[in-house]
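See structure below.
The values are calculated or read from the model by the stated rules, or taken from the named source; none is laboratory data. If you're wondering where the values come from, they're calculated on a predicted model, not measured in any experiment. Neighbour counts run over all protein chains shown; Cβ positions are idealised from the backbone, glycine included.
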């Protein structure tokens, strides 16, 4: 009696094929994985090489830029040094220079070095020379001195307004008739870097000839954490030749306060009280090492909270 062939369903046939060809499939799988791995490593190496090349190119560009910038700054510093020496010598060494030349030299000096030099003594010296001279154009020279002074104050205030706070006050000289000892102006509160200070300006005297005002600036600061009150009351004269980046009052936490005379005409004076970071003060009035360390400690404490 003949044996009947065993009938297998579809899944049994598939299992048999896979079982019989297992070695082949394993070999194919290994080959495919090896091919994919090799391709991945090759692509990764290409990307890493491209990244290294890009980094080297960027560093090379940065190095060239830094070198060019340093060379340019060195050239500008040398030019400014030569200019400064030449202009100063015109005041100190030359006795034959005319009034027009002296005013021109002061204009050049002020426009180029007003952020780093206290030019008030030179302005006042030249103003006295012009006023006492018999030059027919001395009125024009005085106007030029006042014009350059106002322009320098305006330029510095544009910078300080962007980083600090300010408030304007109008002074009526008629108030001296009833208050010969001086009178206060409206108080103002200015806040910078989270520190609020109350400013009270008291006008003590006025010189209409030189257009200067004597003031006492009372500053009251309240510590937000301890509630302690710190006060100061510097007293000084302010005129057209007092520039805020140079002539200012040092405050705690590396801040500065300045009073700027904007105008003095017809019995009225317009002044501005400015509060700004100490980093914008002149080179001669930079923060001390102790202040820098205190600010760094304060910054670290705020960051850790």
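The table for this structure:
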quantity	calculated
Pair list, Cβ under 8 Å, 6 or more apart: region 23-45 residue modelled with pLDDT under 75, other residue part of a helix (DSSP H, G or I)	25/18
Residue check for residue 138: over 20 Å from residue 259 (Cβ atoms), surrounded by 15 or more Cβ atoms within 10 Å (Cβ to Cβ) and more than 32 Å from the chain's Cα centre (by Cα)	yes
Enumerated strands (runs of 3 or more DSSP E) restricted to region 193-305, each holding at least 2 residues that are touching a strand residue (DSSP E or B) at 6+ places or on another chain (Cβ under 8 Å), at pLDDT 85 or above and surrounded by 19 or more Cβ atoms within 10 Å (Cβ to Cβ)	195-207, 212-222, 255-265, 268-277
Test: residue in region 143-151 that is touching a strand residue (DSSP E or B) at 6+ places or on another chain (Cβ under 9 Å), over 30 Å from residue 228 (Cβ atoms) and in contact (Cβ under 8 Å) with a residue 24 or more places away in the chain	yes
Of residues in region 243-264 being touching a residue at least 24 places away in the same chain (Cβ under 8 Å) and over 20 Å from the mean Cα position of the chain (by Cα), the one farthest from residue 182 (Cα to Cα)	262
Which listed residue, of 119, 145, is outside the structural domain of residue 247 (by TED's automatic domain parsing), under 29 Å from the mean Cα position of the chain (by Cα) and modelled with pLDDT of 90 or more	145
